[in-house]
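Structure, as structure tokens:
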Amino acid sequence: MEKHRHVAVVDFGSQYTQLIVRRVRELGFFAKLHAVEDFEDLGQPGAIILSGGPSSTREENAPDVDFERLQAYGVPVLGICYGMQLLNIKFGGQVEASDRREYGPADLTPEESGGLFEGVSGSSQVWMSHSDTVSELADGCSVIARNEHGTPVGLQWGSDCFGIQFHPEVTHSHEGLRILQNFLEMACGLQEFRIEDFKRALLEEIKRQVGDKQVVCGVSGGVDSTVLAVLLKEAGIHMRAIFVDHGLLRKDEGEEVRKNFQRMGVDIETVEASETFLGQLAGVADPEAKREIIGNLFIKVFWDSVGEADMLAQGTLYPDVIESASNAKTKASKIKTHHNRVEKILELQKQGKVLEPLAELFKDEVRELGLSLGIQADIVNRHPFPGPGLAVRCPGEVTPDRLRIIQECDAIFISVLRGNDWYDKVWQAYAALVPVRTVGVKGDERSYEFAVSLRAVVSEDAMTADWVELPYQILRDSSNQILNSVPGVNRVLYDVSTKPPASIEWE
Ligand code: XMP
């Protein structure tokens, strides 16, 4: 069989659904998420995974799929949590509310080795999150695993239809990946996930969608927008890339961004708007007010320079696209920070004129795509940088002098990290201003100057973060250089706060 079938993940709204897609890709196969409303038309799947979800199959209007259609696809099916309960009902069994709500770890014991649990140990931690349970099995259904209370947590119907009550996609299910792999091995003709093939398909799709129209995109120097711009250029379409320099960038960053794009052969139009931004930020200390000003101004400056556009390209990534458990619908693509509330984009979106070529990719896949487009590793591996820039690292009022301090200190800290091969080991690192003046001694004189705080964190997804135990030497070198060369600073602190309760940025 030709290898072009994808793994269709049907979304019932679990908070983990996007992880299923991700895990399948990690196992080397192409997976796509489908809204449950699109179930009739999954294309040509090679395997179907029915996700978990917050609903109960006993509720009225619980999300449902057509059983005949499911069978007509004729491919292996794996129901996870809600998906398993739904399958059980479809095959003629019953589901009821459990007297024990199970959230968290449980112990999985396969009834026999082989099949879905091939190579899985006799007692393996899995992660539960459900309150319904299977109360009656259909004829011909076999229990293939139980938990420590003897409750069935793995079911099989026929040769290749399975249900599991736990979430194999989360890392707390220790052998979950193995279970997914066993399932995928039962499918035939699955398309491998290779970034090169994916890139080729993307380029074709962009050409097809755009035709001879003109596309505009905003670039910031960050990974997503850079990959987007290079991808559009590679597709050979008519494009304009616009870089709004809001003056809240890191030291020399504007110049660096221009040089990088030049090197990559992408023409960018720079809109120099520092004065406008700093002018409007003058005297504003409230964090939300600052964000609001920056966001609105960004939209205005961007669209003023665009004028009319046939199409807009955005670097929306997969996690931005997927909605979470709160509403079991997939495709309500969220617009990236800065852009929400902008009617123009909503209008373009309604007309199908917003292009989001990266919308099926996770961050690390975007990085891989960037490398395969020939973008240099140091650009692709840059730390994330917030849209409102250094304003969120400058509590209180943003002034040119405060920005200068942050820029200088940040540049020193980052260069010390790079020089010690620590830059790539941390998720994000920066200097923030602590807008408090304290007394110090410089030369023979007393000084009364600001403090700066250095922060380096590791994180997987920015939802949580931990501070990094940097070697003292790095802290010492950074502190010495800052205190010796940055006017206006007489104290350097290292931020040892986890997120939560702190956030990564200061505002
Ligand atoms: P926090 O401070 O919320 O940051 O822990 C989490 C991650 O998001 C980045 N960040 C932003 N990115 N616009 C952005 O594009 C923003 O307004 C914004 N605020 C925070 C932050 O740098 C970190 O990576």
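Any read-out appearing in this document is the output of simple, stated calculations on the displayed coordinates, not a laboratory observation. All figures in this text were calculated on a predicted structure; none of them were measured in a lab. Because the Cβ atoms are built from the backbone with ideal geometry, glycine has one as well, and the counts that use them run over all protein chains shown.
Taking 0.36 nm per intervening residue step and subtracting the Cα-Cα distance, what contour gain separates Q351 from E292 on full extension?
Going from the current span to full extension adds 18.5 nm.
With a Förster radius of 30 Å, plug the Cβ-Cβ distance of T276 and Q376 into 1/(1 + (r/R0)^6) and report the FRET value to the nearest 0.05.
Calculated value: 0.45.
Would you mind working out the magnitude of the charge dipole of the chain relative to its Cα centre, with +1 at each Lys and Arg C-beta and -1 at each Asp and Glu C-beta, to the nearest 20 Debye?
Dipole about the Cα centre, nearest 20: 1260 debye.
Give me the net charge for the shell around G236: Cβ to Cβ below 15 angstrom, other residues only, Lys and Arg +1, Asp and Glu -1.
Counting the neighbours of G236, the net charge comes to +2.
Describe numerically, in nm with one decimal, the distance between label points set 7 Å from Cα along Cα→Cβ at H149 and at K199.
5.1 nm
What length, rounded to one decimal in nm, is gained on full extension from T171 through to E68, with 0.36 nm per residue of separation minus their alpha-carbon distance?
Between T171 and E68, full extension yields 33.7 nm more.
Compare the Cα positions of V354, T270, G211 along the charge dipole of the chain (+1 at Cβ of Lys, Arg; -1 at Cβ of Asp, Glu; about the Cα centre) and return the one farthest towards the positive end.
Toward the positive end, the furthest listed residue is T270.
I need the peptides 375-382, 358-365 ranked by packing, meaning the mean over residues of other C-beta atoms within 10 angstrom, with the highest value on top.
Result, highest mean first: 358-365, 375-382.
Give, to the nearest whole percent, the P(r) tail of region 6-184 beyond 23 angstrom, counting all Cα pairs.
Of the Cα pairs, 32 percent sit more than 23 Å apart.
Local charge sum around Y494 (other residues, Cβ-Cβ under 12 Å, Lys/Arg +1, Asp/Glu -1)?
Once positives and negatives cancel, what remains is +1.
Filter K213/K300; K363/K425; K199/K350 down to the pairs with a C-alpha to C-alpha distance above 18 Å, please.
K213/K300; K199/K350
If amide H atoms are built 1.01 Å from N in the plane of the peptide, which residues on other chains or at least 5 residues away come under 5 Å of the amide H of L78?
Long-range HN contacts for L78: I48, I49, L50, F162.
Gain in length, D38 to S135, computed as 0.36 nm per residue apart minus the alpha-carbon separation, to one decimal in nm?
32.0 nm
Quick one: work out the % antiparallel among DSSP beta bridges in the chain, nearest 5.
50 percent
If Lys and Arg each add +1 and Asp and Glu each add -1, what is the summed charge of the other residues whose beta carbon sits under 15 Å from the beta carbon of G122?
Its environment carries a net charge of -4.
Considering the options A465, G443, N490, tell which one lies farthest towards the positive end of the dipole of region 422-507, charges being +1 on Lys and Arg and -1 on Asp and Glu at the Cβ, about the Cα centre.
Going by the Cα projections, it comes out as G443.
Under a 5 Å amide H to amide H cut-off, with H placed in plane at 1.01 Å, what residues pair with V244 once short-range neighbours are removed?
Hits under the 5 Å cutoff: V219, V271.
For the chain, what's the radius of gyration and Dmax over Cα atoms, in angstrom?
For the chain, the Cα radius of gyration and maximum Cα-Cα distance read 26.2, 90 Å.
Which whole-Hz couplings ³J(HN,Hα) result when phi for each residue of region 162-171 is put into the Karplus expression 6.51 cos²θ - 1.76 cosθ + 1.60, θ = phi - 60°, listed in order with x for Gly and Pro?
Per-residue couplings from phi come out as 10, x, 10, 7, 10, 9, x, 7, 8, 5 Hz.
So what is the 222 nm mean residue ellipticity for the chain from helices alone, if each DSSP H run of at least 4 adds -39500 (n - 2.57) and you divide by all residues, rounding to the nearest 500 deg cm²/dmol?
Result for the chain: -9500 deg cm²/dmol, rounded to the nearest 500.
Can you bin region 162-295 into rounded, prolate or oblate? Criterion: square roots of the alpha carbon gyration tensor eigenvalues sorted a ≥ b ≥ c, rounded for a/c under 1.5, prolate for a/b above b/c, oblate for the rest.
Judged from the Cα gyration tensor, region 162-295 comes out oblate (a/c at least 1.5, b/c at or above a/b).
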